Each structure stands twice: as structure tokens, then as C-alpha cells.
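A quick write-up on the structure given underneath.
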């Protein structure tokens, strides 16, 4: 930002709610209040750690918080006035500058810019964040329906995140704070901007509308787009420069999700000329792409640049409950991990918060599509109340204009589960209709974000919004509703906007930290604190995981837990990952009606076995690795076709054609290969095919064990996709329960240092082993919880993530009696 400074050094005071309604009252009494000094701004949960006010944070909504910053007039070309940019403030706040009231904010979902602020030689900025409890306890008109999602139904009146207010699966830590730096600017500060990049008749167009605060006359205005310069049309009246220009590009590269191509982004810079002086303002980046949603014939299929894209990914709540979205290095590492998993979409859910520009910019550069919910969920929002309507209209206009610039944006969604909530409570279709979501929002989107796809709610479509065979659904048939895995195809899920919520066991280091080195057991209160549940139910998601534990391994999980807690933990760790990968294998096959699924959700909010595929310490769980194998753009899977044997499903989503080898292996109980067959494979770009194994082998083996002519012959069936001698993808099928091992395998492992921060582990086993887990202190494996075929070398790469004095670790698996120690080979 040209000509601006950020304010730091704040004195913070705490008072009783509404003890001081006027600034003068606070000024007279502030000396008696508890206070501390902070050097920056942010969420209370992180800001006040190790300060005198830390004890107030757990009940912060029961107090008013006063932030005071005294500063001299900045030496950045001020005359007597300037501009203040406020980040989102959670949630109800009042602001004074030099004893003059300049802002009342009642939403954490918008930023505020105050122009023409009058500054003195010395200045005093005061911000009071009111305790939200006092407002939530007001008597307000009753809703038409109540939701079990939150206890306080009055939350529907307030524009704040529901995270922290949801007792079943979020910590009791509602957001409060000034969520970013406050900047004071002078000339050449962008106040409002709307940027879009579109493709029409194979040409690229950039539409730019903006207002720039400046009291200086300018002579020229240009836009720099990847080293190309374009003159812009503008007008200047008093202190406002207005831009409304369209630029045409004949030569450009399309932006693609990373699974299907390169995410080409174009950096754009505003160049302001004043005489011989040129000022530059970074406007971020854009990308040229066409994204539509095909909803014909009950489908819900994303089409990018005229190509259907199978969508897979995660639901995003927040990067950190402590830092919210202010820790950009943490967010970057999290988003890179999403991309590396093979995911190509993130859904920003309506129970959370709109994300920062950094988030959307990073998603764009990483090639991750974004499904953007507006921040409404489950409740009966008072959209017909004029003041509330004005708040939310401004919010959606602000957020639509801000987010629409980024090429990652695939879809806007009006809300999460409002339609479902209404219909499940017995309301008619007409009663569930909402003018704001059905008419107002799409009109705003069309005006601001052009042809960006929009749906009113998720789930939606079909006879009932929660039916699975039309439109986007929230699918927990495999999961909370405990349906067998073989039913997935019958459920006919067209698109799962959230799905496969399981109590996913966290990384071993997180468990060790949580239990202080004690053996982790699921009945311990420390474990149960992190186990998600639905409000009002008599079960939690540990119970759901146990249901599939028995389906996969054939053992009663309670019996295993009683007799061998270590074995129970090892198998629980891999259960949900195995289930998730089998579901996605079914959805990705050639003839599937499904067009995608988004895991509920990405990161645990608190330590424990939460829904996340990474844990609260940002460590990757076993589920992450199972999904990483299932989500790759070049992929092989095996699906059970019952009396038709098994199909080998091959997928190539990349821009290039694929030529390679498919190897099929089947093992009996003695690790002997009953089948060892290979064939050449060719796949065009963006092609998927299914090969019936019986046809490929030209011999009947009863791989699925449904005919049962004699004892079961095959214990493990495997398909391996190879190109130029390198294994790209591997799939396993088990005709009955999953064997943890065949025979008593012996393992040899060799660990070599490739570079200062990279290792390579070579593993060979004398017999089949299910879900081998590699743990080396300070290092992270590129693949883990992988199964081993006998007498075949498997190579795993590891990269350093933290400093260690000595490289050592172990390999473990539920089918091994002892861990295998790992240490560097001596040369």
C-alpha cells in the first residue's frame, strides 16, 4: 500500500459490559481497570498469552475491551487529513479518533475504510470491542425454527463466526479481536476495487473498477499485466480517482486446477504517473478461466475451460483457532499440503469465516479451486428486518467484489444447511424458500462477479435438498448412518459438498503430547474432549469408526480394545483412511454418476481424534495419506463388481497422454503369487477406463470369492500402474476381511541420506504387510501407511521438517509383532 503505516503499541483495558457507554466515562475511570500493553493486533486467544489479561480471555465475551493507541501524525505527505483502514473486528465495536466517534461496526465479516480523518500533531485512537454475551442475552423475536447446531439462537442476529459457539465440535473459544493491522494512509490508497478476468470468444478481458484516495493531481494511469502496459481511463474529482476500464488480451494462457493443467496467474500492477514520478500499487493477480456447473439431468459437475473436472478436496474452517488467518506462513504450509494430497478444491464453509486475500491468492497460484459459502448456516436469519438486511447486503457486496478477482473461485453458495434444516423439520418447499438467498444474492453476484456459479444452499436440489441423487448433498451414508461400503453405488451420490466425517486418529506425536506419554485410550476424558459428535445424539464419531473397523477387519473393536489397546489404536488409525479411499475409488470409476466429494473437514480445531485429515498440530494423519493415494491425477483403483469379478479403473486427468504398464498380482495365504500378469496401457489426456480383470487375465480366478467353488484362493489382489520403470499408483483389493499380514514377514530396511534435508528408505518384506507406518523424528514421509507386497522393494522419500541431533526412527504395522528400527546406513 503506497504511503501508509501500521499502528502498533496498544494499551488494552478490560471493563464490565457497558460499564462505560461513552468515551468520556471510560477516560475518567480507566486508571482503575486491569490493563496490559500489546505490540500488535489479533485474535484474543493468541494476543493476550502471558499478559495480565490472559485470565479474562476464556470468558472474553463477558467483558468490554478497550484498545488505545497514541501516535504522532505520520510523515507520509499528510496535510491535515488522511484515511484509516480497519480490518474485520469481531464483533461489535466502536471507534474514536481524537475523542471524535468515527465508526460503529457490528460485523466481523467486513473491513471498514474511513476517509478524510482529521489528524493532529499527536493523536489518540480508541477502539472498544463490546462483550457479545450482553447482546446475545437480549430478548429478540423468536425464529421460525431452532437449530441444535448452536445453543444461543440469538446468534442469528449477529454477524460473527459460529466457530466457538458450536458445542459439539468446536472449542469453547468464540472469536474476538481486531483481525489484522490498522493502517493509516495518505495519497494513492485504493479504497474500493473490483477486478475480473473473463474469456469471450477466445480472447481475454480484464475489467477494472476502482477508487483511489489522492489529493494530488495525476497525469497518467496504467495497468501492468505481466510486463505488458495498458493505458486506463480515469476521472479525478477532489480526493478521489475513479477508474472504469476494460482491457483486451489476444495472447494468454488458461488457468487450470493443478490436477488438470497449469494454474497460470498474471500479476497486475497499477502505475500512477505524477509528472516524472511513477507510483506502483500491487493489485494482486488474476487468471483466465471459464468455470461452469453442469446441473443437467440431476448432475452437479464442475466444468473448467470446457472440460469436466472430478472434484475432490476438503472443507476449510480456519487455519488456527489462536491466530485465525493471520499466520500466513502456517496457512501457506497447510495449503501446500492440500495441493500435494491431490485435492483440487477447498470449500470455505458457512460456519467459519471468509478468508484473507493471502488465502485466495495462494489457492490461485497452487491451482486449488474454491467453493465459497457465505457465512450463514442452519439458522432462521432475520433477512426481512431492515437493519439486518442492510448489514448482510453490504457484507455480500463487499465479499463478492473482493473474492471474485481470484481465479480459484469456482462457486458462491448462499448458506450451509438452511434448506436442509427447514425441510427436515417438516416445512414445505414454499416455507423453506428465502427471498434473500433465492433472489437477492444471485442478483448481487451477477452484478459484481459476472457469470460466477451460484447456488442458494448446500445441500440443495432433488425432491428434498438432502436427497443424494440430485445436486450437491452432504453425504454421511458411509459414516454417521453406518451403511455398508458395498452400498455406495446404490446411494447414487452426485456431488458431496461435505462427506466422510470420521473420528480420525491424530499423529503419534500429538497423541503423546495429549496423553503426556501415557498409552492413548479412547475412554479417557482427554481423548473424548476431541471426539466430534452431533448435538443431541447418544453416540460420537469414535463409535462410527468402530462400526467400519469391524467391517474391514472382521474383529469386534471392543474385544480388541480390551485385550490389546495398542492393536486397537493401530487399526483405528487406518480404518477411516481405508474407508475414505474405497469410497473415492467407487466415485472416480468411469461409469460413476458422481462428480466429486469434499471431506468434512481439513484440520482438527482441538487435540484429539477430530474430523480433520491433519491434526491440531498440523501433523498429517493416516487418512491424509490414504486420500493422497486415492486423489492423484494418474490413478489405478479396484472396484468390487460381485459376480462380475473386479474392475481395474485407470484414470489420466493430465494434459498429456499416458503410456505405461499395468501389473496384476494376486497372493494366496502363503504369499505365493497365484496371478502375476502385466499388460501395456494407453490413456489419452483426461480419459478414464475400466478393465475387467477376468477379461484381462482370460482366466477365471473368483477374485471376489462370490462363487465359492472350494476354499478361498486369493487373499490379496493388487494392481500397479508403472511408467518408465517407476511405480505411479498402486491399488489393493481384499475379497474378504483385510489380512494384517500373510505368514510371518521379515523386513529389511535401508535408510540413506540423499541431501542435507532428504532421506530415502528402501523396504523389502518376505510377506504381505498391511499399512506400514514410517516414523523418523524430524522427517515427514511422502507416503505412509502403505501396504507391502512380498519380495518387492518399496522406496519412500522423506524430507526434513524440524532439526534433530540424530536421525532415527521405526517402521511399524498392526501385522508385525515388533517395530523395525530405522537408522542411517553406514557407507
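The values are calculated or read from the model by the stated rules, or taken from the named source; none is laboratory data. Here the structure is a predicted model, which means the values were calculated and not measured. When we count neighbours, we look across all protein chains shown, and the Cβ atoms used for this are built from the backbone with ideal geometry, even at glycine.
Structure values in brief
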| item | result |
| --- | --- |
| From 112, 98, residue being on the phi > 0 side of the Ramachandran plot and either modelled with pLDDT of 95 or more or surrounded by 20 or more Cβ atoms within 10 Å (Cβ to Cβ) (or both) | 98 |
| Qualifying position, being surrounded by fewer than 23 Cβ atoms within 10 Å (Cβ to Cβ) and touching a helix residue (DSSP H, G or I) at 6+ places or on another chain (Cβ under 8 Å), among 586, 682 | 586 |
| Residues satisfying the stated conditions in region 84-107, i.e. over 18 Å from residue 355 (Cβ atoms), in contact with a helix residue (DSSP H, G or I) (Cβ under 7 Å, 6 or more places away or on another chain) and in a strand (DSSP E or B) | 96 |
| Search result, residues across region 129-186 that are surrounded by fewer than 20 Cβ atoms within 10 Å (Cβ to Cβ), farther than 24 Å from residue 103 by Cα and in contact with a strand residue (DSSP E or B) (Cβ under 8 Å, 6 or more places away or on another chain) | none |
| Meets criteria (farther than 23 Å from residue 470 by Cα and within 19 Å of the chain's Cα centre (by Cα)) for residue 375 | yes |
| Of residues in region 765-804 being more than 32 Å from the chain's Cα centre (by Cα) and in a strand (DSSP E or B), the one surrounded by the fewest Cβ atoms within 10 Å (Cβ to Cβ) | 790 |
| Output for region 240-260, where each listed residue is part of a loop (DSSP other than H, G, I, E, B) and surrounded by fewer than 18 Cβ atoms within 10 Å (Cβ to Cβ) | 250, 251, 253 |
| Residue identified as touching a residue at least 40 places away in the same chain (Cβ under 8 Å) and at positive phi among 305, 292 | 305 |
| Lone qualifier among 104, 111 - being touching a strand residue (DSSP E or B) at 6+ places or on another chain (Cβ under 7 Å), free of Cβ contacts under 8 Å to residues at least 12 places away in the same chain and under 26 Å from residue 397 (Cβ atoms) | 104 |
| Single residue of 459, 442, 472, 465 found to be under 17 Å from residue 496 (Cα atoms), free of Cβ contacts under 8 Å to residues at least 60 places away in the same chain and touching a strand residue (DSSP E or B) at 6+ places or on another chain (Cβ under 6 Å) | 459 |
| Search result, residues across region 33-50 that are surrounded by fewer than 16 Cβ atoms within 10 Å (Cβ to Cβ) and either in a loop (DSSP other than H, G, I, E, B) or at pLDDT below 95 (or both) | 34, 39, 40, 49, 50 |
| Which numbered condition residue 482 fails, given (1) touching a residue at least 24 places away in the same chain (Cβ under 8 Å); (2) in a loop (DSSP other than H, G, I, E, B); (3) assigned by TED's automatic domain parsing to the domain that holds residue 414; (4) over 15 Å from residue 598 (Cβ atoms) | (3) |
| Within region 216-235, considering residues that are closer than 30 Å to residue 72 by Cα and crowded, with 16+ Cβ neighbours inside 10 Å, the one modelled with the highest pLDDT | 218 |
| Number of positions in region 261-289 that are outside any strand (DSSP E or B), over 19 Å from residue 360 (Cβ atoms) and touching a residue at least 24 places away in the same chain (Cβ under 8 Å) | 2 |
| Options 380, 353, 451, 430: the member that is modelled with pLDDT under 95 and not in a helix (DSSP H, G or I) | 451 |
| Residues of region 805-827 that turn out to be surrounded by fewer than 20 Cβ atoms within 10 Å (Cβ to Cβ) and outside any strand (DSSP E or B), as a count | 9 |
| Checking residue 123 against (1) assigned to a strand (DSSP E or B); (2) surrounded by fewer than 16 Cβ atoms within 10 Å (Cβ to Cβ), the condition it does not meet | (2) |
| Lone qualifier among 762, 729 - being assigned by TED's automatic domain parsing to the domain that holds residue 668, under 28 Å from residue 660 (Cβ atoms) and surrounded by 14 or more Cβ atoms within 10 Å (Cβ to Cβ) | 729 |
| Qualifying residues in region 187-203 (those that are surrounded by 20 or more Cβ atoms within 10 Å (Cβ to Cβ) and more than 28 Å from the chain's Cα centre (by Cα)) - the one farthest from residue 243 (Cα to Cα) | 187 |
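For every residue, the table says whether it meets (1) farther than 26 Å from residue 344 by Cα; (2) assigned by TED's automatic domain parsing to the domain that holds residue 469; (3) outside any loop (DSSP other than H, G, I, E, B); (4) under 21 Å from the mean Cα position of the chain (by Cα).
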{"site": "538", "(1), (2), (3), (4)": "yes, no, no, no"}
{"site": "546", "(1), (2), (3), (4)": "yes, no, yes, no"}
{"site": "567", "(1), (2), (3), (4)": "yes, no, yes, no"}
{"site": "579", "(1), (2), (3), (4)": "no, no, yes, yes"}
